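> Structure provided below as structure tokens; questions to follow.
Every number in this text was worked out from the coordinates using simple rules, so none of it is lab data. Since the structure is predicted, the reported quantities are computational estimates derived from the model, not experimental observations. As a convention, Cβ positions derive from the backbone with ideal geometry for all residues, glycine included, and neighbour counts pool all protein chains shown.
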Amino acid sequence: MGSATTPTTVSTATMPTSMTDAEATRLGLKTYFHNVAYYLGNIPLLSGTSVSGGVTFGLFTPYQTQDGLWHLKFSIQATGTSAAAQSFTFATVVSKASYGNQAFTSSEQTTGTAGLKGSHTGVGTSVFNQQFGAAITTWSCSGDVVLEAKPNWAY
């Protein structure tokens, strides 16, 4: 007989490669890339002046927590030639409005004295804001933010 800490049967965990796309997405085990078509042909796409030079790397992992909220882990590297205040729009990703401005990390990768001043999502928008001390040309950011809903490109 099992106890609270000793089960009577041992289950074998499903290998992530054997899961459906929807199962793997919900558990945070499926990654998506910038500008690649996924569910129903929808595309996770970054745009805006801060990515005017292009996205050199964009990796996104949506997942759902037990309370039903959708989150998004992301890692992005891009080039752009905008002024000190930079933002990018992430198509169909809307930050949870009731959570206010959610912070994420950013860094500039150019030589000089740009200096990061802060990064946060817009409240209930698809806009992710970054504030640097001066104009930069290459930057990266990563984070984990709560969303209003599952992105339409995620299975």
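> On full extension of the chain, what length is gained from Leu27 through Ile43, given 0.36 nm per residue of separation minus the C-alpha to C-alpha distance?
Stretched out fully, the Leu27 to Ile43 stretch lengthens by 3.7 nm.
> Using the count of nearby Cβ atoms within 10 Å as a rough guide to exposure, how do Val123, Val145, Val36, Val51 rank from fewest to most?
Ascending Cβ contact count within 10 Å gives the list Val36, Val123, Val145, Val51.
> Let's see if you can work this out: charge +1 on each Lys and Arg Cβ, -1 on each Asp and Glu Cβ, no other charges. What is the dipole magnitude of segment 17-147 about its Cα centre, in debye to the nearest 20?
In total the dipole reaches around 100 debye.
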